[in-house]
């Protein structure tokens, strides 16, 4: 499901790394921030210097592929980190589409 196209001045070409940093700064609970930070560090490694608006499902799949052998609870925790970041980025009008689809 596509998000509304954000105006150019709101995306400003913000990188994935910058968006992830802003997102993690907004997470109030330290344990959640640390846990999500682990997952989002992988996303940043894969796509950190690209514009966040250009994230695609393959980026998220690459993060999750690394977790295929993980226990269900661990896999779900990593998926929750990506889903939460996606929801936040959508509210911030950073994403043009939902890369978690």
Working from the alpha-carbon coordinates of the chain, get Rg over Rh, Rh being the Kirkwood radius. 0.95
Here the gain from full extension of residue 67 to residue 30, 0.36 nm per residue of separation minus their alpha-carbon distance, amounts to 11.1 nm
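By average Cβ neighbour count within 10 Å, what is the ranking of 86-99, 63-76, 19-32 from highest down?
On the way: 86-99: 18.6, 63-76: 11.8, 19-32: 14.6.
Most protected by this proxy first, the peptides run 86-99, 19-32, 63-76.
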Give the angle, between 0 and 90 degrees and rounded to the nearest 10, that separates the Cα long axis of helix 16-26 from the longest principal axis of the Cα atoms of the chain. 70 degrees
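Quick note: the coordinates plus some simple rules give every number you see, no bench work behind them. What you are looking at is a predicted structure, and each value in this text was computed from that prediction instead of being measured. Virtual Cβ from ideal backbone geometry, glycine too; neighbours counted across all protein chains shown.
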